[in-house]
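Asker: Mind having a look at this structure? Questions to follow.
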Amino acid sequence: MLLAHLTRRRLEREAAALLRRRRIAASPCAPLQTVESGESGTRRLLNFGSNDYLGLASHPDIAAALAEGAQRWGAGSGASHLVTGHSQAHARLEGELAQLLSPWVPDAAALLFCSGFMANLALLTTLGAEQAAIFADKLNHASLVDGGLLAAARMRRYPHGRLDLLDAMLRDCEQPIRLIVTDAVFSMDGDVAPLPELLALAERHDAWLIIDDAHGFGVLGANGEGALAHFGLRSERLIYMGTLGKAAGVAGAFVAAHPAVVDALVQGGRSYIYTTAMPPALAHALSASLKLITGEEGVARRQRLATLTAALRERLSALIARHPGRGWQLADSVTPIQPLIVGDNAAALALASALDAAGLWVPAIRPPTVPANTARLRITLSAAHTLDDVERLCGALAACRPEADRHA
Ligand SMILES: Cc1ncc(COP(=O)(O)O)c(C=O)c1O
(Lines give C-alpha, C1' and ligand atoms only; values in the text may rest on other atoms or scores of the structure.)
Protein backbone atom coordinates (compact mmCIF):
# COMPACT_ATOMS: atom_id res chain seq x y z
CA MET A 1 0.00 0.00 0.00
CA LEU A 2 2.76 2.44 0.96
CA LEU A 3 4.76 1.76 -2.20
CA ALA A 4 1.69 2.09 -4.40
CA HIS A 5 0.89 5.39 -2.71
CA LEU A 6 4.44 6.68 -3.20
CA THR A 7 4.48 5.63 -6.84
CA ARG A 8 1.20 7.41 -7.49
CA ARG A 9 2.48 10.56 -5.81
CA ARG A 10 5.65 10.46 -7.85
CA LEU A 11 3.71 10.09 -11.10
CA GLU A 12 1.56 13.07 -10.13
CA ARG A 13 4.64 15.15 -9.45
CA GLU A 14 6.12 14.12 -12.78
CA ALA A 15 2.92 15.03 -14.66
CA ALA A 16 2.99 18.49 -13.06
CA ALA A 17 6.67 18.98 -13.99
CA LEU A 18 7.48 18.97 -10.28
CA LEU A 19 9.80 16.00 -10.04
CA ARG A 20 13.04 16.82 -8.24
CA ARG A 21 16.34 15.23 -9.23
CA ARG A 22 19.84 15.37 -7.83
CA ARG A 23 22.91 15.74 -9.93
CA ILE A 24 26.25 14.26 -8.92
CA ALA A 25 29.18 16.67 -8.87
CA ALA A 26 32.55 15.21 -9.75
CA SER A 27 34.61 18.26 -8.80
CA PRO A 28 34.55 20.87 -5.99
CA CYS A 29 32.00 23.66 -5.87
CA ALA A 30 33.25 26.33 -8.30
CA PRO A 31 31.88 28.25 -11.30
CA LEU A 32 33.22 25.58 -13.65
CA GLN A 33 32.11 22.28 -12.28
CA THR A 34 32.33 18.72 -13.53
CA VAL A 35 29.19 16.63 -13.11
CA GLU A 36 28.39 13.01 -13.82
CA SER A 37 26.53 12.50 -17.06
CA GLY A 38 25.20 9.38 -18.75
CA GLU A 39 27.04 6.09 -18.62
CA SER A 40 30.15 6.84 -16.55
CA GLY A 41 30.78 10.06 -18.51
CA THR A 42 31.23 13.56 -17.12
CA ARG A 43 30.53 17.07 -18.39
CA ARG A 44 31.82 20.46 -17.39
CA LEU A 45 29.14 23.02 -16.66
CA LEU A 46 29.20 26.69 -15.80
CA ASN A 47 27.41 26.79 -12.45
CA PHE A 48 24.98 29.63 -11.71
CA GLY A 49 23.11 27.84 -8.96
CA SER A 50 25.22 27.61 -5.82
CA ASN A 51 25.08 29.84 -2.74
CA ASP A 52 28.86 30.12 -2.69
CA TYR A 53 28.55 33.88 -3.11
CA LEU A 54 32.13 34.76 -2.22
CA GLY A 55 33.69 31.75 -3.93
CA LEU A 56 35.08 30.45 -0.63
CA ALA A 57 33.74 26.88 -0.79
CA SER A 58 36.95 25.66 -2.37
CA HIS A 59 39.30 28.39 -1.15
CA PRO A 60 42.71 26.84 -0.49
CA ASP A 61 43.18 28.64 2.87
CA ILE A 62 39.90 27.25 4.18
CA ALA A 63 40.59 23.76 2.83
CA ALA A 64 44.02 23.92 4.51
CA ALA A 65 42.42 25.06 7.78
CA LEU A 66 39.97 22.16 7.54
CA ALA A 67 42.86 19.72 7.09
CA GLU A 68 44.74 21.35 9.97
CA GLY A 69 41.58 21.17 12.11
CA ALA A 70 41.20 17.47 11.31
CA GLN A 71 44.85 16.84 12.28
CA ARG A 72 44.31 18.63 15.56
CA TRP A 73 40.77 17.49 16.42
CA GLY A 74 40.16 14.33 14.41
CA ALA A 75 37.06 13.78 12.33
CA GLY A 76 34.11 13.98 14.69
CA SER A 77 32.97 15.78 17.83
CA GLY A 78 31.76 12.55 19.43
CA ALA A 79 28.67 13.93 21.16
CA SER A 80 26.28 16.85 21.45
CA HIS A 81 27.52 20.18 22.83
CA LEU A 82 25.91 19.54 26.22
CA VAL A 83 27.42 16.09 26.65
CA THR A 84 31.08 15.98 25.61
CA GLY A 85 31.11 17.48 22.09
CA HIS A 86 31.82 21.17 22.81
CA SER A 87 35.45 22.01 21.98
CA GLN A 88 37.79 24.99 22.12
CA ALA A 89 37.41 25.26 18.33
CA HIS A 90 33.62 25.74 18.76
CA ALA A 91 34.03 28.14 21.69
CA ARG A 92 36.58 30.23 19.80
CA LEU A 93 34.37 30.51 16.73
CA GLU A 94 31.36 31.47 18.88
CA GLY A 95 33.50 34.20 20.47
CA GLU A 96 34.55 35.52 17.06
CA LEU A 97 30.97 35.55 15.78
CA ALA A 98 29.69 37.28 18.92
CA GLN A 99 32.33 39.95 18.54
CA LEU A 100 31.55 40.44 14.86
CA LEU A 101 27.85 40.97 15.54
CA SER A 102 28.16 42.95 18.78
CA PRO A 103 28.13 46.40 17.11
CA TRP A 104 24.59 45.59 15.94
CA VAL A 105 23.35 43.30 18.72
CA PRO A 106 24.60 44.86 21.97
CA ASP A 107 26.52 42.42 24.23
CA ALA A 108 25.73 39.63 21.77
CA ALA A 109 26.40 36.02 22.67
CA ALA A 110 26.66 33.52 19.82
CA LEU A 111 25.67 29.88 19.53
CA LEU A 112 26.72 27.47 16.78
CA PHE A 113 24.33 25.05 15.07
CA CYS A 114 24.93 22.26 12.57
CA SER A 115 22.70 24.00 10.03
CA GLY A 116 20.48 27.01 9.52
CA PHE A 117 17.44 24.76 9.39
CA MET A 118 18.22 23.50 12.88
CA ALA A 119 18.96 27.01 14.18
CA ASN A 120 15.58 28.24 12.97
CA LEU A 121 13.74 25.27 14.47
CA ALA A 122 15.44 25.92 17.82
CA LEU A 123 14.73 29.64 17.72
CA LEU A 124 11.04 29.41 16.95
CA THR A 125 10.22 26.46 19.16
CA THR A 126 12.18 27.82 22.14
CA LEU A 127 11.07 31.43 21.97
CA GLY A 128 7.61 30.67 20.57
CA ALA A 129 6.11 29.51 23.84
CA GLU A 130 2.36 29.35 24.50
CA GLN A 131 2.15 32.94 25.62
CA ALA A 132 3.89 34.12 22.44
CA ALA A 133 2.68 35.05 18.98
CA ILE A 134 4.81 34.67 15.86
CA PHE A 135 4.41 37.02 12.89
CA ALA A 136 6.07 35.74 9.75
CA ASP A 137 6.52 37.03 6.19
CA LYS A 138 4.76 34.66 3.76
CA LEU A 139 7.93 34.20 1.70
CA ASN A 140 10.09 33.15 4.64
CA HIS A 141 12.28 30.08 4.26
CA ALA A 142 10.77 26.64 4.87
CA SER A 143 12.76 26.23 8.10
CA LEU A 144 11.09 29.30 9.59
CA VAL A 145 7.70 28.06 8.47
CA ASP A 146 8.31 24.63 10.00
CA GLY A 147 9.74 26.17 13.19
CA GLY A 148 6.60 28.28 13.52
CA LEU A 149 4.36 25.26 12.94
CA LEU A 150 6.20 23.25 15.60
CA ALA A 151 6.08 26.08 18.13
CA ALA A 152 3.40 26.23 20.81
CA ALA A 153 2.80 29.86 19.83
CA ARG A 154 0.27 30.80 17.21
CA MET A 155 1.94 31.76 13.93
CA ARG A 156 0.34 34.36 11.70
CA ARG A 157 1.76 35.00 8.24
CA TYR A 158 1.58 38.41 6.59
CA PRO A 159 1.73 38.86 2.79
CA HIS A 160 5.27 39.50 1.59
CA GLY A 161 6.48 42.93 2.73
CA ARG A 162 3.02 44.16 3.81
CA LEU A 163 4.07 46.07 6.89
CA ASP A 164 0.69 47.80 7.11
CA LEU A 165 -0.97 44.40 7.64
CA LEU A 166 1.75 43.33 10.06
CA ASP A 167 1.19 46.55 11.99
CA ALA A 168 -2.54 45.78 12.25
CA MET A 169 -1.84 42.20 13.37
CA LEU A 170 0.54 43.44 16.07
CA ARG A 171 -2.00 46.01 17.22
CA ASP A 172 -4.59 43.26 17.70
CA CYS A 173 -2.20 40.89 19.42
CA GLU A 174 -3.07 39.92 22.98
CA GLN A 175 -0.10 37.66 23.65
CA PRO A 176 2.55 39.28 25.87
CA ILE A 177 5.49 37.88 23.85
CA ARG A 178 5.66 38.92 20.19
CA LEU A 179 8.14 37.63 17.66
CA ILE A 180 8.43 39.06 14.17
CA VAL A 181 10.38 36.74 11.92
CA THR A 182 11.75 37.42 8.47
CA ASP A 183 14.34 36.37 5.94
CA ALA A 184 16.77 39.29 5.58
CA VAL A 185 17.43 38.40 1.93
CA PHE A 186 14.58 36.35 0.52
CA SER A 187 16.14 33.18 -0.76
CA MET A 188 14.15 32.70 -3.97
CA ASP A 189 13.67 36.40 -4.87
CA GLY A 190 16.86 38.06 -3.67
CA ASP A 191 15.07 41.14 -2.30
CA VAL A 192 16.13 42.59 1.04
CA ALA A 193 13.51 42.86 3.81
CA PRO A 194 12.74 46.39 5.08
CA LEU A 195 14.58 45.73 8.32
CA PRO A 196 14.63 49.32 9.65
CA GLU A 197 10.84 49.52 9.32
CA LEU A 198 10.41 46.06 10.83
CA LEU A 199 12.57 47.03 13.79
CA ALA A 200 10.55 50.24 14.24
CA LEU A 201 7.37 48.12 14.33
CA ALA A 202 8.99 45.75 16.82
CA GLU A 203 9.86 48.69 19.04
CA ARG A 204 6.41 50.22 18.76
CA HIS A 205 4.65 46.97 19.64
CA ASP A 206 7.11 45.63 22.21
CA ALA A 207 8.08 42.75 19.90
CA TRP A 208 11.39 41.05 19.08
CA LEU A 209 12.74 40.80 15.54
CA ILE A 210 14.22 37.47 14.41
CA ILE A 211 16.29 37.90 11.27
CA ASP A 212 17.35 34.97 9.10
CA ASP A 213 20.38 36.31 7.23
CA ALA A 214 21.30 33.07 5.46
CA HIS A 215 21.93 34.95 2.21
CA GLY A 216 23.23 38.22 3.65
CA PHE A 217 25.94 37.04 6.03
CA GLY A 218 29.29 37.48 4.29
CA VAL A 219 27.67 39.36 1.39
CA LEU A 220 26.15 42.49 2.94
CA GLY A 221 27.87 45.04 5.17
CA ALA A 222 31.29 46.63 4.74
CA ASN A 223 32.99 43.68 6.44
CA GLY A 224 30.45 41.02 5.50
CA GLU A 225 28.72 41.22 8.89
CA GLY A 226 25.40 40.95 7.06
CA ALA A 227 22.08 42.73 6.85
CA LEU A 228 22.22 44.53 10.21
CA ALA A 229 25.48 46.22 9.24
CA HIS A 230 24.05 46.96 5.77
CA PHE A 231 21.30 49.02 7.41
CA GLY A 232 23.30 50.16 10.44
CA LEU A 233 20.71 48.77 12.85
CA ARG A 234 21.45 48.26 16.53
CA SER A 235 19.03 46.98 19.12
CA GLU A 236 18.70 44.51 21.97
CA ARG A 237 15.51 43.32 20.30
CA LEU A 238 17.41 41.86 17.35
CA ILE A 239 17.88 38.10 17.19
CA TYR A 240 20.23 37.31 14.34
CA MET A 241 20.66 33.97 12.55
CA GLY A 242 23.46 33.62 9.99
CA THR A 243 24.39 30.52 8.04
CA LEU A 244 27.92 29.30 7.44
CA GLY A 245 27.42 27.02 4.43
CA LYS A 246 26.65 29.73 1.89
CA ALA A 247 28.95 32.80 1.62
CA ALA A 248 31.16 31.41 4.42
CA GLY A 249 31.78 28.37 2.23
CA VAL A 250 31.72 25.62 4.87
CA ALA A 251 28.63 24.44 6.83
CA GLY A 252 26.59 25.26 9.89
CA ALA A 253 24.90 28.33 11.31
CA PHE A 254 24.84 30.56 14.35
CA VAL A 255 22.51 32.70 16.39
CA ALA A 256 23.78 35.99 17.80
CA ALA A 257 21.49 37.56 20.37
CA HIS A 258 21.07 38.80 23.93
CA PRO A 259 22.84 36.35 26.27
CA ALA A 260 19.52 35.41 27.89
CA VAL A 261 18.13 34.40 24.48
CA VAL A 262 21.21 32.32 23.69
CA ASP A 263 21.06 30.68 27.12
CA ALA A 264 17.41 29.79 26.52
CA LEU A 265 18.47 28.01 23.30
CA VAL A 266 21.13 26.06 25.20
CA GLN A 267 18.63 25.11 27.90
CA GLY A 268 15.66 24.28 25.69
CA GLY A 269 16.47 24.23 21.97
CA ARG A 270 15.77 20.64 20.99
CA SER A 271 17.58 20.86 17.64
CA TYR A 272 20.58 22.21 19.58
CA ILE A 273 20.51 19.77 22.48
CA TYR A 274 19.65 16.49 20.81
CA THR A 275 22.18 16.39 18.01
CA THR A 276 25.89 15.74 17.64
CA ALA A 277 28.00 18.91 17.62
CA MET A 278 29.50 19.85 14.25
CA PRO A 279 33.01 18.42 13.86
CA PRO A 280 35.50 20.78 15.56
CA ALA A 281 37.57 20.74 12.35
CA LEU A 282 34.68 22.56 10.64
CA ALA A 283 34.66 25.19 13.38
CA HIS A 284 38.42 25.56 12.90
CA ALA A 285 37.92 26.01 9.14
CA LEU A 286 35.14 28.52 9.79
CA SER A 287 37.48 30.69 11.85
CA ALA A 288 39.73 30.85 8.77
CA SER A 289 36.70 31.67 6.62
CA LEU A 290 35.69 34.52 8.97
CA LYS A 291 39.17 35.98 8.66
CA LEU A 292 38.84 36.04 4.88
CA ILE A 293 35.28 37.41 4.94
CA THR A 294 36.15 40.30 7.23
CA GLY A 295 39.58 41.04 5.76
CA GLU A 296 40.79 42.73 2.58
CA GLU A 297 40.08 39.68 0.48
CA GLY A 298 36.44 39.72 1.61
CA VAL A 299 36.14 43.40 0.68
CA ALA A 300 37.57 42.72 -2.78
CA ARG A 301 35.29 39.71 -3.32
CA ARG A 302 32.18 41.67 -2.34
CA GLN A 303 33.23 44.44 -4.71
CA ARG A 304 33.61 41.98 -7.53
CA LEU A 305 30.26 40.41 -6.73
CA ALA A 306 28.60 43.84 -6.90
CA THR A 307 30.19 44.50 -10.31
CA LEU A 308 29.05 41.12 -11.65
CA THR A 309 25.55 41.62 -10.24
CA ALA A 310 25.19 45.03 -11.92
CA ALA A 311 26.47 43.62 -15.23
CA LEU A 312 24.07 40.67 -15.11
CA ARG A 313 21.09 42.87 -14.30
CA GLU A 314 21.90 45.26 -17.11
CA ARG A 315 22.19 42.47 -19.66
CA LEU A 316 19.11 40.58 -18.47
CA SER A 317 16.99 43.75 -18.46
CA ALA A 318 18.06 44.47 -22.06
CA LEU A 319 17.30 40.87 -23.06
CA ILE A 320 13.83 41.00 -21.51
CA ALA A 321 13.13 44.33 -23.23
CA ARG A 322 14.15 42.79 -26.59
CA HIS A 323 11.88 39.76 -26.13
CA PRO A 324 8.68 40.90 -24.37
CA GLY A 325 6.83 37.91 -25.86
CA ARG A 326 8.74 35.52 -23.66
CA GLY A 327 7.01 36.89 -20.57
CA TRP A 328 10.16 36.73 -18.48
CA GLN A 329 10.57 38.98 -15.49
CA LEU A 330 13.66 39.93 -13.55
CA ALA A 331 13.07 40.07 -9.79
CA ASP A 332 13.80 43.36 -8.04
CA SER A 333 17.04 42.38 -6.33
CA VAL A 334 20.38 44.01 -5.63
CA THR A 335 21.86 40.83 -4.17
CA PRO A 336 23.68 38.01 -6.00
CA ILE A 337 20.34 36.14 -6.16
CA GLN A 338 18.91 37.22 -9.54
CA PRO A 339 15.84 35.13 -10.36
CA LEU A 340 14.44 35.11 -13.87
CA ILE A 341 10.73 34.46 -13.39
CA VAL A 342 9.24 32.34 -16.17
CA GLY A 343 5.87 31.39 -14.65
CA ASP A 344 5.00 27.94 -15.92
CA ASN A 345 6.71 24.90 -14.33
CA ALA A 346 7.31 23.07 -17.60
CA ALA A 347 8.60 26.25 -19.27
CA ALA A 348 11.08 26.81 -16.45
CA LEU A 349 12.28 23.22 -16.75
CA ALA A 350 12.58 23.53 -20.53
CA LEU A 351 14.63 26.68 -20.16
CA ALA A 352 16.92 25.06 -17.60
CA SER A 353 17.46 22.10 -19.93
CA ALA A 354 18.14 24.36 -22.91
CA LEU A 355 20.80 26.09 -20.82
CA ASP A 356 22.12 22.72 -19.74
CA ALA A 357 22.53 21.73 -23.37
CA ALA A 358 24.58 24.91 -23.80
CA GLY A 359 26.80 23.89 -20.86
CA LEU A 360 25.17 26.02 -18.16
CA TRP A 361 23.84 24.81 -14.82
CA VAL A 362 20.98 27.05 -13.67
CA PRO A 363 18.38 25.37 -11.46
CA ALA A 364 14.68 25.71 -12.20
CA ILE A 365 12.80 26.42 -8.96
CA ARG A 366 9.16 25.38 -8.85
CA PRO A 367 6.31 25.24 -6.32
CA PRO A 368 6.07 24.62 -3.44
CA THR A 369 9.47 26.31 -3.05
CA VAL A 370 7.96 29.35 -4.82
CA PRO A 371 4.27 30.32 -5.23
CA ALA A 372 2.27 28.71 -8.05
CA ASN A 373 2.81 30.23 -11.52
CA THR A 374 6.09 31.84 -10.52
CA ALA A 375 8.49 29.06 -11.52
CA ARG A 376 11.88 30.56 -12.21
CA LEU A 377 15.51 30.16 -12.93
CA ARG A 378 17.27 31.05 -9.71
CA ILE A 379 20.43 32.59 -11.09
CA THR A 380 23.06 33.16 -8.44
CA LEU A 381 26.42 34.82 -8.80
CA SER A 382 29.70 34.14 -7.09
CA ALA A 383 32.74 36.38 -6.76
CA ALA A 384 34.54 33.52 -8.50
CA HIS A 385 32.58 34.15 -11.72
CA THR A 386 34.03 36.34 -14.44
CA LEU A 387 32.36 38.90 -16.69
CA ASP A 388 32.86 36.41 -19.52
CA ASP A 389 30.81 33.89 -17.55
CA VAL A 390 28.00 36.43 -17.25
CA GLU A 391 28.20 37.14 -21.00
CA ARG A 392 28.03 33.44 -21.73
CA LEU A 393 24.91 33.00 -19.60
CA CYS A 394 23.16 35.96 -21.22
CA GLY A 395 24.19 34.82 -24.70
CA ALA A 396 22.76 31.37 -24.04
CA LEU A 397 19.53 32.83 -22.67
CA ALA A 398 19.19 35.07 -25.71
CA ALA A 399 19.61 32.03 -27.97
CA CYS A 400 16.89 30.01 -26.17
CA ARG A 401 13.77 29.89 -28.26
CA PRO A 402 10.78 29.28 -26.00
CA GLU A 403 7.44 28.36 -27.60
CA ALA A 404 5.96 31.85 -27.21
CA ASP A 405 8.94 33.37 -28.96
CA ARG A 406 8.81 31.00 -31.91
CA HIS A 407 5.24 32.03 -32.68
CA ALA A 408 5.89 35.76 -32.12
C1 LIG B 1 16.69 31.80 4.18
C2 LIG B 1 17.28 30.49 4.59
N3 LIG B 1 17.26 30.17 5.90
C4 LIG B 1 17.77 29.02 6.32
C5 LIG B 1 18.33 28.11 5.46
C6 LIG B 1 18.87 26.83 5.98
O7 LIG B 1 20.24 26.92 6.13
P8 LIG B 1 21.12 25.61 6.06
O9 LIG B 1 21.34 25.31 4.62
O10 LIG B 1 22.37 25.96 6.80
O11 LIG B 1 20.33 24.54 6.75
C12 LIG B 1 18.39 28.41 4.11
C13 LIG B 1 19.01 27.44 3.17
O14 LIG B 1 18.74 27.27 2.06
C15 LIG B 1 17.83 29.62 3.66
O16 LIG B 1 17.83 29.93 2.35
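The values are calculated or read from the model by the stated rules, or taken from the named source; none is laboratory data. On a predicted model such as this, the values are computed, not experimentally measured, just so you know. Cβ placement follows ideal geometry from the backbone for every residue including glycine, while neighbour counts extend to all protein chains displayed. To get the accessible areas, we keep the full protein, side chains included, count just its heavy atoms, and leave off ligands, DNA and RNA. Shrake-Rupley method; radii C 1.70, N 1.55, O 1.52, S 1.80 Å.
Asker: Which helices, taking whole DSSP H runs in the chain, have alpha carbons extending 15 angstrom or more along the helix axis plus mean Kyte-Doolittle at least 1.0?
Answerer: Taking the DSSP H segments of the chain (at least 15 Å long, mean hydropathy at least 1.0), we get 116-127, 280-294, 345-357.
Asker: I've got another one for you. Where the eigenvalues come from the Cα gyration tensor of the chain, what are the semi-axes √(5λ) of the equivalent ellipsoid, largest first, in whole Å? It would help to have the intermediate numbers written out before the result.
Answerer: Details: eigenvalues 231, 142, 97 Å².
Here the semi-axes work out to 34, 27, 22 Å.
Asker: Can you tell me how much longer the chain between residue 334 and residue 307 gets when fully stretched, taken as 0.36 nm per residue apart minus their C-alpha distance, in nm with one decimal?
Answerer: Numbers: separation 27, 0.36 × 27 = 9.72 nm, distance 1.09 nm.
Between residue 334 and residue 307, full extension yields an extra 8.6 nm.
Asker: For a quick check of understanding: with a 1.4 angstrom probe and all protein chains in place, what accessible area in square angstrom does residue 169 have, to the nearest ten?
Answerer: 30 Å²
Asker: In whole Hz, with x marking every Gly and Pro, tabulate ³J(HN,Hα) for segment 376-381 from phi via Karplus 6.51 cos²θ - 1.76 cosθ + 1.60, θ = phi - 60°.
Answerer: Whole-Hz 3J(HN,Hα) from phi for segment 376-381: 8, 8, 8, 7, 10, 10.
Asker: Quick one: order 261, 334 from most to least accessible surface, probe 1.4 Å.
Answerer: So, going from the largest accessible area down, we get 334, 261.
Asker: Which listed residue (347, 293, 77) has the Cα farthest towards the positive end of the charge dipole for the chain, taking +1 on Lys and Arg C-beta and -1 on Asp and Glu C-beta about the Cα centre?
Answerer: The listed residue farthest towards the positive side: 347.
Asker: Given H placed on each backbone N at 1.01 Å, which residues far from residue 37 in sequence or on other chains put an amide H within less than 5 Å of it?
Answerer: Amide H neighbours of residue 37, under 5 Å, 5+ apart: 42, 43.
Asker: A further question on this structure: Take every Cα-Cα pair in segment 280-333 and report what % of them are more than 16 Å apart.
Answerer: Above the 16 Å cut-off, segment 280-333 has 61 percent of its Cα pairs.
Asker: Need one number: nm distance between label points at residue 58 and residue 20, each 7 Å from Cα along Cα→Cβ, rounded to one decimal.
Answerer: About 2.5 nm, to one decimal.
Asker: Note the full-extension length gain between residue 276 and residue 299 as 0.36 nm times their separation in residues minus their Cα-Cα distance, in nm to one decimal. Could you put the intermediate results ahead of the total?
Answerer: Numbers: separation 23, 0.36 × 23 = 8.28 nm, distance 3.40 nm.
Fully extending the segment from residue 276 to residue 299 adds 4.9 nm.
Asker: Name the residue, out of 129, 283, 257, whose mean-square fluctuation peaks in a Gaussian network model built on the chain with Cα pairs under 10 Å.
Answerer: 129
Asker: Sticking with this structure for a sec: With a 10 Å cut-off between alpha carbons and a GNM built on the chain, which of 82, 360, 282 moves the most?
Answerer: 82
Asker: What is the Å³ per residue value for the convex hull set by the Cα atoms of segment 131-285?
Answerer: 117 Å³
Asker: Could you pull out every residue, at least 5 positions away or on a different chain, whose amide H is within less than 5 Å of the one on residue 115? Hs are placed 1.01 Å off N in the peptide plane, and Pro or chain starts have none.
Answerer: Residues meeting the criterion, in which the H sits 1.01 Å from N, are 253.
Asker: On to the next question. Using a 7 Å offset from the Cα along the Cα-to-Cβ direction at both residue 71 and residue 168, what is the distance between the two label points in nm, to one decimal?
Answerer: 6.3 nm
Asker: With a ≥ b ≥ c taken as the square roots of the eigenvalues of the C-alpha gyration tensor of segment 154-246, please select rounded if a/c is under 1.5 and otherwise prolate if a/b is larger than b/c or oblate if it is not? Walk me through the numbers on the way to the answer.
Answerer: On the way: a/c = 2.08, a/b = 1.70, b/c = 1.22.
Verdict is prolate for segment 154-246.
Asker: Tell me, in nm to one decimal, what length is gained between residue 8 and residue 260 on full extension, where the rule is 0.36 nm per residue of separation less the Cα-Cα distance?
Answerer: So the extension gain works out to 85.9 nm.
Asker: With the crude spin-label approximation of a point 7 Å out along Cα→Cβ, what separation in nm comes out for residue 42 versus residue 236?
Answerer: Distance between label points: 5.5 nm.
Asker: Here is a further query. Counting pairwise Cα distances across segment 47-90, what percent come out greater than 14 angstrom?
Answerer: Here the tail beyond 14 Å accounts for 62 percent of pairs.
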